[in-house]
Structures are given as structure tokens and as C-alpha cells.
Amino acid sequence: MHLGLYDEPVHTDGRGFDTYGPFARLVLALARHFDQVTVFAPTTDQPTYFSGAPLDAPNICIAPLPFFMTHAGAMVRAPAVCRVFRRHAGRLDAVLVRSTAPLAYLLWLMTRRRGVPFMYLFAEDPFEMIARSPKYRGPYRWFARAAYGVEFAIQKHIMRRAYSFTAGRALYEKMRSITPRIEPAMKSTLNEEDYYPRQDSCTGSPVRILYVGYLRHGKGLEDLLEALRLLRDRGRAVELDLVGDGERREPLARQAAGSGLSDFVHFWGRTLMGPDLNARYNAADLFALPSLSEGSPRAVLEAMGHSLPVVATPVGNIPDLLDEGRRGLLTPIHNAVALADALERVLTDSDLRRRFIREGFAFARRHNADAFARTVAERAKALAREQAGGMPST
């Protein structure tokens, strides 16, 4: 079976293609369950943040799109994008598309006459992101909401005729009124070599709090630094490791310096998935994600797979990941005092902490990268049988 995948951008050095670790793992996992995977991807040969992990399985084909990073950029390049879609569409047996991928409806139009199963993957609720992220302010917020409203109207038309996955049950509950042809799925980046079992953490000094992700607006990192200050004022020997990069790095460094935290906040920059990132998880004692909005953050599953207790805000699919607070501790958004209290509770309550570690690790083991790819492959085959005249796929 030949899968078409339209999700993230890629980089090329002229000899091969690479991308950032989580997307590479998704593609490689899907390649183990399909005969061929054609990846439609905006492609650049310039240095970029989304490179480093090769897409080197023999049954992966890259269909380079002209490079763009926004919907407006895609619209300008629509004729060229359309030509690439048309060149490959006739050979596809199934299509998987990220819900926010620009111009994806063109690929649906080109494949629907042949009855090719078309599957959307909704990783987050853009309306929630627009409402909560500081990036969207004033008139720009209204413009973004209106623009996505048009896009979502097109998606709903396609969803009723195609099939959709949502990242977890929270988004599924929001969207299942649109169509019954939808199911929750747990997208993961974890491979067997990533798992790190341990019984406990927070038993040494200093206690290391870890954040992994972009350093950008909407991640609540200013609250996390303030929570660190509060914990140190309470006499707790805690330090913070920030793994990732972004436009908030310098402002966060200034905040740390102004709060007297420079010696206790460590900026590790972008770290490649694999041994280097695993080492950061393994050296930590607990994981914090105080985001104002999220989809289904891969870092929460990764932290649980490395036996870290998790403290996070109840946004996106995080309550589902943490089983409404039974696999990790939920704390209100944009509340540094509550965040410090939650971190301190995990740090001091060994029974609670060990339960979070034990149950989180078991959950992460059940939801690895291959499990998600197998779900997609099984659904694609069921939809193909349905189109060929079999029983409806439910």
C-alpha cells in the first residue's frame, strides 16, 4: 500500500533529505507499515531548525514542494504545489494529512475520484491556540480566527467524506459532532531505545526540573522561572534545564538574571532526538510544561517514558495524557504560585511521585511511535476495503 503524507517541512543537502527528529520518527515508523511512503514537504537547502534526522528508509520518497512556512506563502506558490500533487496523486492508495497543512484540500480533490482513503490528523485546536497565545493580539487575533474559520469550513466538508484522527480524547470530544468518522489516537515519538525505567527521582541535590520544547510565547516559561524563584526562596535546592530554542531565549535569560537565578537556569539549546535528548531526560528529576495552549505535546509522553513525574497545565490533550491528574499533576495556567506549589508537592510527596512515575511509564510503553503508525495503517486498509465494496469502516 502506497501512503501519501503531507505534514512538516524538510531540508536537503543535495544528496538526501532530513528533518527534525519527531517528524522523522513518524515517517520512519509509517514506512515500516506501508510498502511506499511519499512525503509531500516544503523543502529548503538553507540552514534551518528542522534538520538533523535523515529520512533514509529505502521505501521513502520525498516529493519536494516549493518552500513556505505560512498559509500566505503557500497560496503564492499554489500552482507549483498543485503540479507536485498532481504528479504523484495517481499512484497513492491512501493519504494522511496534518490538519493545518496548507492547500491539503487540493490533494483531496485529486484523489477522491479514485476513492483513495483520505485521513486528517488533528493535533491541536487552533481556535484555542489563537484565543490563548500572546502571539495573537488585537486585530491580528480576529484576522487569524477568521482565516482559520474559512479553512476549517473546508476541512469539515472533507471530514464528512473522509476520515480523521485526533490527538487524544479531549479534541475528539470537541469534534465528533462534525462526523462519526473520527477516532482518538496517541501520536508518539518513542522508540524502544528511549525508555528509561526507574523507581524514583528527586532524591538527590539539586533537584533538576526539565522543560523540553520551543522557547516561545504561550509556553508559560516566564511562570516557570518565577516558580523556580519561589521554590528557592522557600529553601528548595532546585535548578531548571531548558532544552530548546526560540525567540524567548534572551528575554528569559534577562528574567533569570533579574531574579538572581542565572546560576540555576541552564539553557541547553536545540538538542537532537536520540542519545543527546535522552541524556537530558535521564539527568532530570521532574518535568514541567506550564503552557497556555497545546495540542498533544510529545514531550509529556517522552518525559513519562523516561520515568519523570510531570507537572503541567490542563490545556489541549494534557489532561488525557495525565489521566485527569492521576498520572501527573495538573496546575492552573498562568499561575506561578500554583505551579511552584505543584512542583513542591511532587518534590516532597514520595508516594505520589512514585505513583506518577510508575503509571506514566506504563502508559508511555503502550503508546510508542510504532503503535500510532500501526493504527494509521490498519485504518487505511479498512477504508480501502470499504471503498472496494466491503463493510463500512467504523
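Sorting the segments 88-97, 265-274 by their residues' average number of neighbouring beta-carbon atoms within 10 angstrom, most packed first, yields 88-97, 265-274. Amide H to amide H, with H built 1.01 Å from N, Ile62 comes under 5 Å of Val39, counting only residues 5 or more places away or on other chains.
Only Cα pairs under 8 Å and 6+ residues apart enter the sum, and on that basis the relative contact order of the chain stands at 16 percent. Across the stretch 309-314, computed HN-Hα scalar couplings (Karplus, 6.51 cos²θ - 1.76 cosθ + 1.60, θ = phi - 60°) run x, 10, 10, 8, 8, x Hz from first to last residue, x flagging Gly and Pro. Rounded to the nearest 10 degrees, the angle from helix 350-366 to the longest Cα principal axis of the chain is 20 degrees. Sorted on the mean count of surrounding Cβ atoms within 10 Å across their residues, most packed first, peptides 81-87, 25-31 read 25-31, 81-87. When the chain is described by a simple charge dipole with +1 on each Lys and Arg Cβ and -1 on each Asp and Glu Cβ, the residue from Phe363, Pro64, Val150 located farthest towards its positive end is Val150. Within the listed set Gly14, Gly168, Gly244, the residue fluctuating most in the Gaussian network model of the chain (springs between alpha-carbon atoms under 10 angstrom) is Gly14.
Based on the mean of other beta carbon atoms within 10 Å per residue, what is the order of 141-152, 39-50, most packed first?
39-50, 141-152
Net charge near Pro184, counting Lys/Arg +1 and Asp/Glu -1 over other residues with Cβ under 10 Å of its Cβ?
Values: positive: Arg169, Arg176; negative: Glu173, Glu183, Asp320.
That sum, taken over residues with Cβ under 10 Å, equals -1.
Per-residue Cβ neighbour counts within 10 Å put Thr111, Thr331 in the sequence Thr111, Thr331, beginning with the fewest. Computed 3J(HN,Hα) for the stretch 163-170, one whole-Hz value per residue from the Karplus formula 6.51 cos²θ - 1.76 cosθ + 1.60 where θ = phi - 60°, is 8, 9, 10, 10, 6, x, 7, 4, glycine and proline marked x. GNM remark for the chain: springs join alpha carbons under 10 Å apart, and the peak mean-square fluctuation among Pro79, Pro64, Pro197 falls on Pro79.
The angle between the Cα long axis of helix 221-233 and the longest principal axis of the Cα atoms of the chain comes to about 20 degrees, rounded to the nearest 10. As an exercise, take the mean of 1/r over every pair of distinct alpha carbons in the stretch 193-366, invert it, and state the Kirkwood radius in angstroms. For the stretch 193-366, the Kirkwood estimate is 15.7 Å.
Relative contact order for the stretch 193-366: 27 percent, from Cα pairs under 8 Å spaced at least 6 residues apart, divided by residue count. Which option, (i) 177; (ii) 138; (iii) 154, is the value of volume of the Cα convex hull per residue in Å³ that was calculated from these coordinates? It is the value labelled (ii). Across the stretch 240-254, computed HN-Hα scalar couplings (Karplus, 6.51 cos²θ - 1.76 cosθ + 1.60, θ = phi - 60°) run 10, 10, 9, 10, x, 9, x, 5, 8, 4, 5, x, 5, 5, 5 Hz from first to last residue, x flagging Gly and Pro.
No value in this document is a laboratory result; all are computed from the given coordinates. In this text, all values refer to a predicted model and were calculated from it rather than measured experimentally. Backbone-built Cβ (ideal geometry, glycine too); neighbour counts: all protein chains shown.
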